[in-house]
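J.: Structure incoming, see below.
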Amino acid sequence: MSGAAYCGRFAPSPTGPLHAGSLVAAVASWLDARAAGGRWLVRMEDLDRPRCVPGAADTILRQLDAYGLVWDGTVLVQSQRDGAYAAALDHLKAAGQAYPCACTRSQLAAAPRNAEGETVYPGTCRAGLAPGTTARAWRVRVDEVSACFQDRVHGRLCQTLASEVGDFIVKRADGLFAYQLAVVVDDAHQGITDVVRGADLLWNTPRQIHLQTLFGLPTPRYAHVPLVVNAAGQKLSKQTLAPALPESGRGAVLAEALAVLGHAPPAELQGAGPVALLQWASAHWQIDNVPKHPIVAKRAT
Ligand code: GLU
């Protein structure tokens with residue numbers, strides 16, 4: 001893809017500061033964009049208000065800046081985009097593709113789970129709400145066909161949404177729009193051509209492609225980069241108490257992130273700062289060298 005056409009993004013949720021795992025996703029999307037001579041945008045995914053931490057968005061932007069990950073344009077903030085998400089939901093409703101759902105979490109407790117451990121929605125409310133029940137959430141209908149996409153790291157992947165996910169939520173019972181809907185609306189709004197993000201979102205991609213198809217939106221290219229996990233195999237996250245990126249020794253931390261991405265800097269760059277490391281890495285970036293498997297963090301988590 002030519003530089004002028006490429007547009008990438010990093011879309012952190014401001015639930016806490018960046019840590020070694022989220023740095024890997026940020027660095028990968030930045031490098032892929034810069035190596036292509038493209039643009040790199042930041043979107044603050046503060047959709048899930050209850051999970052957001054005051055001040056975290058500013059902290060994340062300061063961390064990106066300190067690690068040399070300079071972005072283009074202004075930061076898009078999802079909490080200011082409810083109008084766009086509501087219009088998208090209206091579109092699905094008008095097309096008969098979305099329906100209200102009255103099911104509670106406990107009613108779905110016995111439903112089957114997919115390989116990711118997510119509930120496969122059994123279609124309880126698909127044909128209409130049972131008498132005496134009230135709508136809580138909105139779901140989108142999915143098809144019984146195997147949907148495939150080409151991931152730039154993982155190759156061709158297929159998923160049958162009907163049996164592996166079921167009709168999924170686009171507006172939650174608490175009134176918030178769901179990540180799947182917002183991410184699709186915003187990727188299109190920002191003109192994103194390339195999504196490079198953590199492999200925990202790999203199996204969300206067919207849902208997002210399904211929505212893009214229903215909305216008549218283009219599908220970006222996707223690349224899912226390795227997760228950094230702790231010794232117990234858990235993804236580094238706020239829940240697993242991953243420490244915030246350090247304020248000093250940034251070069252060494254960045255060198256580790258590059259190593260996770262299969263781009264360990266050469267010995268001459270030992271002790272180099274973020275700018276020199278990123279310059280080297282964008283000149284040497286080869287997505288084919290990015291490993292598929294999760295990587296165990298070297299640092300204490
Ligand atoms: N906001 C999501 C996260 O922080 C990333 C969404 C995406 O890249 O599509 O995990």
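J.: Give the residues of the range 281-301 that are buried (at least 17 other Cβ atoms within 10 Å of the Cβ) and either out of contact with any Asp or Glu (no Cβ under 8 Å at 6 or more places or on another chain) or on the phi > 0 side of the Ramachandran plot (or both), sorted by residue number.
T.: A281, S282, V290, P294, I295, A297, T301
J.: Check R49, R62, R105 and return the single one that is within 22 Å of the chain's Cα centre (by Cα), open to solvent by 40 Å² or more (accessible area, probe 1.4 Å) and modelled with pLDDT under 95.
T.: Values: R62 fails: modelled with pLDDT under 95; R105 fails: within 22 Å of the chain's Cα centre (by Cα).
Answer to the selection: R49.
J.: Among the residues of the range 198-241, what is the count of those that are in a loop (DSSP other than H, G, I, E, B), away from the ligand (no atom under 13 Å from the Cβ) and in contact with a strand residue (DSSP E or B) (Cβ under 9 Å, 6 or more places away or on another chain)?
T.: So the answer is 6.
J.: So, one more: With respect to E116, determine if the residue is touching a helix residue (DSSP H, G or I) at 6+ places or on another chain (Cβ under 7 Å), part of a loop (DSSP other than H, G, I, E, B) and in contact (Cβ under 8 Å) with a residue 24 or more places away in the chain.
T.: The answer is yes for E116.
J.: Moving on to the next point. If I ask for residues that are open to solvent by less than 10 Å² (accessible area, probe 1.4 Å) and in a helix (DSSP H, G or I), which ones from the range 33-46 would you list?
T.: A33
J.: Let me ask something additional. Can you name the number of the only condition in (1) of a type in the set (D, E, K, R); (2) touching a Pro at 6+ places or on another chain (Cβ under 8 Å); (3) loosely packed, with under 13 Cβ neighbours inside 10 Å that R250 fails?
T.: (3)
J.: L69 is checked against (1) more than 14 Å from the ligand (Cβ to nearest atom); (2) surrounded by fewer than 16 Cβ atoms within 10 Å (Cβ to Cβ); (3) part of a loop (DSSP other than H, G, I, E, B) and fails just one. What number does that condition carry?
T.: For L69, the exception is condition (2).
J.: If you don't mind, another one. Just to be sure, is A98 in contact with a helix residue (DSSP H, G or I) (Cβ under 8 Å, 6 or more places away or on another chain) and among the aliphatic types (A, V, I, L, M)?
T.: yes
The values are calculated or read from the model by the stated rules, or taken from the named source; none is laboratory data. This is a predicted model, so every value here is computed, not measured. When we count neighbours, we look across all protein chains shown, and the Cβ atoms used for this are built from the backbone with ideal geometry, even at glycine. Side chains are part of the model used for accessible areas, which takes the heavy atoms of the whole protein and leaves out ligands, DNA and RNA. Shrake-Rupley method; radii C 1.70, N 1.55, O 1.52, S 1.80 Å.
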